[in-house]
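Have a look at the structure below before the remarks.
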């Protein structure tokens, strides 16, 4: 089943292929990458992406991928299912630091305890199975002022459609005393809002997905939780309790949450994006307590002011900042003038802010200085942006109309961009050849930046340190937390002092504009010493 692919600034509003969802495409991509790289994948990249998959044996969150990663890494990890899961995850973190001589495994840690783990809802991929909890000839509409049409509408809770070659029947499972009827409970009702095809995969309340002995899936109503499912759920809860006692520096591969930010580092790149710790390498200091991670490093700063966390409700980047109050507050906080500001050079704090919003790369990978205009356009001070439309099961006419609206929106963005960015003082012929006048070029580049803003800022907070640095940190950061440069770290890290001790807990990775290229290794920030993390 296909539907025309609709994009705005390169952001998909719908998928051309309805069956292959994000995870299916991710797995396919890794499969192709594995073949093209002689069977070598970055283990941390695979582990982090696949945390949302179901896994009966939690050890296999790590052991299950050893056959598809670099043999130098796999050779250092010996599967042992007799070990407790917390010990497996802890030993794995130490091994990764020893094998790689970097701290990428610390970039995977996320605050998860007490947060919604984002458990995936059961889905039916068979259209025939989906049709059992839908009326496929219901009266639906695509939006305001749209003429109602016939299409798929979800049946009320408890109702089931019984497919037939002749005429389908409808049954109310909540009242089995009633006979099945040829009439849908939606017949004669007002038209309901059409849904995107992908929504049809999500089972209605009371429905379950089961498999037979041949591995064939089907959906049924009212089965409830089986004894085996009840046992597995209890085991999962016991495992979560055990994992809640993990040291803060150990990534919990079993419990992802819906507020997990995307890692700042790219585990698959041969050249790193950042060089916060210069050319140092990570080395583990000996410590009698195996729960303690002892590393070389130094505290460079402390969190002084903190903006609100931004938790977007969708995984689709917004076309502009319009209506996002948290990010408006970030700008207000970031542009407060401070004495002894570390950004006293060209552009000052305004330059630091837009580069922070994209978690700008260090060194040669840094964004061009003229690209500030794309982020300024995204700030949307004139209200040109609009919310991306909800893609429902639209017909050809409705899709074409939507595409026209999107082209108009992209044109408005381009006009806004040209108003923001002063044009060079050249002749008309030279001006028309300038990249800034190229609509396709600007649209593509703008789309790239809105994706980078989302990846950098979603589920994070913006904060200001005592030295005046601007930074992005995990959403659970607090005033008084410390900023540390740890040897072998591509990024700085946020640490929290454990009351009554000189030890710390790890809050997470951080982006600090002005400290991502090794600047924090200078003598002005003090010398390195042992830092113990519990």
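Looking at the range 341-358, which of its residues are outside any helix (DSSP H, G or I) and either out of contact with any helix residue (DSSP H, G or I) (no Cβ under 7 Å at 6 or more places or on another chain) or over 22 Å from residue 466 (Cβ atoms) (or both)?
Those that are outside any helix (DSSP H, G or I) and either out of contact with any helix residue (DSSP H, G or I) (no Cβ under 7 Å at 6 or more places or on another chain) or over 22 Å from residue 466 (Cβ atoms) (or both): 342, 344, 345, 346, 347, 358.
Condition check ((1) in contact (Cβ under 8 Å) with a residue 40 or more places away in the chain; (2) assigned to a loop (DSSP other than H, G, I, E, B); (3) touching a helix residue (DSSP H, G or I) at 6+ places or on another chain (Cβ under 6 Å)) across all residues:
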| site | (1), (2), (3) |
| --- | --- |
| 264 | yes, yes, no |
| 291 | yes, yes, no |
| 302 | yes, no, no |
| 308 | yes, yes, yes |
From the list 338, 333, 327, 293, pick out the single residue that is closer than 18 Å to residue 507 by Cβ and surrounded by 13 or more Cβ atoms within 10 Å (Cβ to Cβ).
293
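Name the residue that is farthest from residue 132 (Cα to Cα), counting only residues in the range 148-167 that are part of a loop (DSSP other than H, G, I, E, B) and in contact (Cβ under 8 Å) with a residue 24 or more places away in the chain.
Out of the qualifying residues, it is 148.
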Enumerate the pairs (first residue in the range 36-60 and closer than 22 Å to residue 229 by Cα; second residue anywhere and surrounded by fewer than 19 Cβ atoms within 10 Å (Cβ to Cβ) and modelled with pLDDT of 95 or more) with beta-carbon separation below 6 Å, excluding pairs fewer than 6 apart on the same chain, so at least 6 apart or on different chains.
59/81
Those residues of the range 222-241 which are surrounded by fewer than 14 Cβ atoms within 10 Å (Cβ to Cβ), under 27 Å from residue 293 (Cβ atoms) and touching a residue at least 24 places away in the same chain (Cβ under 8 Å), in sequence order:
none
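Evaluate the following for residue 53: is it under 29 Å from residue 87 (Cβ atoms), surrounded by 15 or more Cβ atoms within 10 Å (Cβ to Cβ) and at pLDDT 85 or above? Outline the logic, then answer.
Working: under 29 Å from residue 87 (Cβ atoms): yes; surrounded by 15 or more Cβ atoms within 10 Å (Cβ to Cβ): no; at pLDDT 85 or above: yes.
Criteria not met by residue 53.
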Can you pull out every residue in the range 137-160 that is crowded, with 17+ Cβ neighbours inside 10 Å and over 14 Å from residue 190 (Cβ atoms)?
142, 151, 152, 154, 155, 158, 159, 160
All-but-one check, residue 210 against (1) surrounded by 12 or more Cβ atoms within 10 Å (Cβ to Cβ); (2) within 30 Å of residue 104 (Cβ to Cβ), failing number (2)
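Going by the structure shown, is residue 300 modelled with pLDDT of 95 or more and touching a strand residue (DSSP E or B) at 6+ places or on another chain (Cβ under 6 Å)?
Working: modelled with pLDDT of 95 or more: yes; touching a strand residue (DSSP E or B) at 6+ places or on another chain (Cβ under 6 Å): yes.
Taking the combined requirement at face value, the residue satisfies it.
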Which condition number does residue 280 fail, the rest of (1) touching a strand residue (DSSP E or B) at 6+ places or on another chain (Cβ under 8 Å); (2) under 30 Å from residue 239 (Cα atoms); (3) in a loop (DSSP other than H, G, I, E, B) being met?
(2)
Suppose we keep only residues that are surrounded by 11 or more Cβ atoms within 10 Å (Cβ to Cβ) and modelled with pLDDT under 90 within the range 161-177. Which one would you say is farthest from residue 146 (Cα to Cα)?
174
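Of all residues being touching a residue at least 12 places away in the same chain (Cβ under 8 Å) and farther than 20 Å from residue 450 by Cα in the range 347-356, which is surrounded by the fewest Cβ atoms within 10 Å (Cβ to Cβ)? Just the residue, please.
Going through the qualifying residues, I end up with 347.
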Does the range 78-89 contain at least one residue that is in contact with a helix residue (DSSP H, G or I) (Cβ under 6 Å, 6 or more places away or on another chain), surrounded by fewer than 17 Cβ atoms within 10 Å (Cβ to Cβ) and either part of a helix (DSSP H, G or I) or free of Cβ contacts under 8 Å to residues at least 24 places away in the same chain (or both)?
yes
Entirely in the range 445-532, the strands (runs of 3 or more DSSP E) that have 3 or more residues that are in contact with a strand residue (DSSP E or B) (Cβ under 6 Å, 6 or more places away or on another chain), under 17 Å from residue 307 (Cβ atoms) and in contact (Cβ under 8 Å) with a residue 12 or more places away in the chain
460-465, 470-474
Looking at the range 453-473, which of its residues are buried (at least 24 other Cβ atoms within 10 Å of the Cβ) and closer than 8 Å to residue 261 by Cβ?
460
Which members of the range 169-181 meet the condition of being in contact (Cβ under 8 Å) with a residue 12 or more places away in the chain and touching a strand residue (DSSP E or B) at 6+ places or on another chain (Cβ under 6 Å)?
169, 170, 171, 172, 173, 180, 181
Applying the selection to the range 128-147, what residues are in a strand (DSSP E or B) and without any contact (Cβ under 8 Å) to a residue 40 or more places away in the chain?
136
Number of the condition not met by residue 103 [criteria: (1) out of contact with any helix residue (DSSP H, G or I) (no Cβ under 6 Å at 6 or more places or on another chain); (2) more than 30 Å from residue 248 (Cα to Cα); (3) crowded, with 17+ Cβ neighbours inside 10 Å]:
(2)
Based on what the data block shows, is residue 144 more than 22 Å from residue 223 (Cβ to Cβ), modelled with pLDDT of 90 or more and within 39 Å of the chain's Cα centre (by Cα)?
no
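The values are calculated or read from the model by the stated rules, or taken from the named source; none is laboratory data. Nothing here was measured: the structure is a model prediction, and the numbers come from that model. Cβ: placed from backbone, ideal geometry, glycine included. Neighbour counts: every protein chain shown.
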